[in-house]
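The next block holds one structure in the form of structure tokens; read it before the comments.
The values are calculated or read from the model by the stated rules, or taken from the named source; none is laboratory data. Keep in mind that this is a model prediction, so the values were computed, not measured. Ideal geometry is used to build each Cβ from the backbone, glycine not excepted, and the neighbour counts take in all protein chains shown.
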Amino acid sequence: MVLWKTDNSNFESTNILLFLNRWRIPLIIVSVIAILASIIFSSPYFIIPKFKSTVILYPAATNSISKALLTENSGTKESILDFGEDEETEQLLQILHSNRIRDKIINKYNLLQHYDIKKSSKYKFTHLYEEYEDNITFKRTEFMAVKISVLDRDPQMAADIANDIAELLDSTKNEMQKQRAERAFEIVKKQYFKLRNEVAAMEDSLSVLRGYGVHDYESQAEMINRQLAIELAKNNELGINRLEKKLKILTKYGGPYVSLRDALEHEKKQLSMLRAKYEESKTDAIEVLPSKFIVNSAYKAEKKSYPIRWLIVLVATLSAFLFTMIFLLIFENINAYFPNSYRHVDVELINDKSENTKKDKNSPVPAREPPRKEIPDRVVEKIPIRKPVDDSSPQDKRKPEKNKITQNDNTKQNKRKEQTTIETTEKPDIQMAKYFTNTNILKLLFKWKIHLLVIILLGVILAALFSSSMFITPKFKSYSLVYPSNISPYSEESESEQMLQFLQSSEIRDKIIAKYDLSERYEIDPSYKYYKTTIIDEYSQNVIISKTPFETIKIEVFDTDPDVACDMVIDIVKYYDELVLSTHRQKSGEVVKFISKRLELKKQEIDSIENILYDIRTKHGIIDYPNQSREVARGFLRTVDGDNAAQNINTKEVLRLKENIEKYGGLFTYYNDRYFDLIAEYGKIKMDYDEALMNYSKDITYANVITTPFPSDKKSYPVRWVIVVLTALGVWFVSMLAILIIENFESIKKNF
């Protein structure tokens, strides 16, 4: 019997049906066992059923009461009734993943005991957090809402946890924002009360000036000059002296009065603006506004959601059926192509030959050749058989009476065997290519199975040994998730990208290296030629800062001490706040310095003009040019009202004042107008200075910590099972390449 292999290696429907029919009994038995086993092991006796409760909610566009409700902000885009968009949804998801909510839920429901985790376990928190993440999930729906799903063996507890997480979302977000709001309120409050005290002091100074009789400089100057002209026209010495005294007081205190009055007007405007900010920040710091719209609240489930028994039974049955088919296919190929099958083929051929010999002896006529099976056209390969033994072999010599046949039959039989041998012989140059067929790979695996098992086992043992703590020091991971705040982009980058750049700065890196003496921890000699490059590379491998899909920044630190890893994360965030604050203060300080110089120059210019105006008022008597020029003109033209007023005009004084007005009137008008322009300019610069000074003196943070770092109770590096698996696969692959080279050495040598 000769086994033939067809050219078409693909399965046909008929071949599959024949194969299934031939092995129907084992397949049915395995499938039935899989069904029964999956039904049993998916029952409540082995898998505790879990119930699912869900909460669906939308984020609010804003939860700032001042922006949403105050009148001056009523026309803004964000409304208290608007739903949030992508950014708000991503922020909400990141807050839901924070350890603040997780720790509160764990403590409230005592999940360590509820999940049957032993308190004495070395990795209790790692197992607890993994169980928490398996049972409580958050995701964004296709409608941009947030879905909170909770699985638990107690349906009421699942519903309570889901609803509590939704409630904690408000308190957690408000708590995070309240820290900033309270700090902002303190800053604005400080500036507000400081400015209010300054305004009160200026009002007191004006009250003192009013006590000297300076109430309204412009009006008083106009009225006094008018009355002085009248008294001069009447030549009333007593009235003239009294009015001149008032003019001296007005001349002495008029300038300070005007300066204080204008400055007070500016400061009151500034105070009004600060008061509005004070009220806004106070509202944000004290009041609370929900940050979500709940669409569906969680309720007690009536039907379990886990496990899905029909799905487990279906998958288990199909998997068992497919694996059994694969095993049977491998089994058939092994029987068909491995060396044990050669003996089976030879025995069949020898038996066939013996039967032909017996027929020849008993037959009176020459024996005919046995009917030969027709070879299909698609036959290209046969299972190689050993070369048939010739008539002179020892076996034939021992049994000559059984192997003797006629010459004619011998010739035909030899031809048939030679034809078979020729058809089953492969050319050396395609031998290597044949080794890549599935059956030949199975041959190699079977032939070298002992060597492969020994090599792979040795590789696994060595990988497990060299990945142990004796050779690789284990490292623990601590991490934190943070959002940027109180910053604005410098160019086209986002706030998260700017925060990422600050965190990766050399200043923070050098502070961490210095504080924790990382050269000693990483065992790097400072006198080493490439010390700086080496320690920076080591730092980059152990401190990883990246951006998450939710626009948060994740800070991960690996270290041999879990407490040190946690402290490093905390210090990185701390140094980030200090670096941003110092950068902002540096730039704000430059602005303050520049504006203060401008302010000082304006003040000097105002003082110089005040001195010039003072000289003109005191030496030349020009106090109010428009009114004085009008009265002088009336006195000079003798058009003064009253009986005999024209005859009583003090012509000498009128002429003196006329001469002074003609000589210094234009100068007075120029400097007087310039004076008021400078006062207005000074007020604007003072507003810019106050704002820059507030930015320079503020002490705030620039990071919202979503997940607080904690010391890990389980190492994160190295992952031993990954090392062992990769080593085993690598050893197997290299060994297979070596085996292929050994098996085909002659062919390779011939071709190359």
**OP:** Go through the range 727-739 and count every residue that is among the aliphatic types (A, V, I, L, M), under 30 Å from Asn542 (Cβ atoms) and surrounded by 13 or more Cβ atoms within 10 Å (Cβ to Cβ).
**Re:** 2
Original post:
Among all residue pairs at least 6 apart or on different chains, which show Cβ distances below 7 Å where the first residue, located in the range 14-43, is over 30 Å from Pro307 (Cα atoms) and the second is assigned to a helix (DSSP H, G or I) and at pLDDT below 90?
Top reply: Leu20/Leu27; Trp23/Leu328
Original post:
Here are some residues: Glu267, Glu231. Which one is farther than 15 Å from Leu657 by Cα and in contact with a Leu (Cβ under 7 Å, 6 or more places away or on another chain)?
Top reply: Glu267
**OP:** With a cut-off of at least 3 residues that are within 27 Å of Ile706 (Cα to Cα), name the helices (runs of 4 or more DSSP H) lying wholly within the range 486-595.
**Re:** 495-503, 506-515, 531-542
Subject >> Leading residue by the ranking (farthest from Val188 (Cα to Cα)) among those in the range 683-739 that are in contact with a strand residue (DSSP E or B) (Cβ under 8 Å, 6 or more places away or on another chain) and among the aromatic types (Phe, Trp, Tyr) >> reply: Tyr717
Original post:
Checking Lys603 against (1) surrounded by 15 or more Cβ atoms within 10 Å (Cβ to Cβ); (2) in contact with a strand residue (DSSP E or B) (Cβ under 7 Å, 6 or more places away or on another chain), which single condition isn't satisfied?
Top reply: (2)
Subject >> Matching option when the condition is crowded, with 17+ Cβ neighbours inside 10 Å, over 34 Å from the mean Cα position of the chain (by Cα) and at pLDDT 80 or above, among Leu503, Leu462, Leu452, Leu458 >> reply: Leu452
Subject >> Selection status of Asp164, part of a helix (DSSP H, G or I), closer than 30 Å to Lys477 by Cα and in contact (Cβ under 8 Å) with a residue 24 or more places away in the chain >> reply: yes
**OP:** Taking Ala233 as the residue in question, decide whether it is out of contact with any Lys or Arg (no Cβ under 7 Å at 6 or more places or on another chain), part of a helix (DSSP H, G or I) and at pLDDT 75 or above.
**Re:** no
Original post:
Can you tell me which of Lys118, Lys122 is part of a loop (DSSP other than H, G, I, E, B), surrounded by fewer than 17 Cβ atoms within 10 Å (Cβ to Cβ), assigned by TED's automatic domain parsing to the domain that holds Ser297 and touching a residue at least 24 places away in the same chain (Cβ under 8 Å)?
Top reply: Lys122
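Conditions tested, residue by residue: (1) farther than 22 Å from Lys122 by Cβ; (2) touching a helix residue (DSSP H, G or I) at 6+ places or on another chain (Cβ under 8 Å); (3) assigned to a strand (DSSP E or B).
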site	(1), (2), (3)
Asp699	yes, yes, no
Val705	yes, yes, yes
Pro711	no, yes, no
Val724	no, yes, no
Leu729	yes, no, no
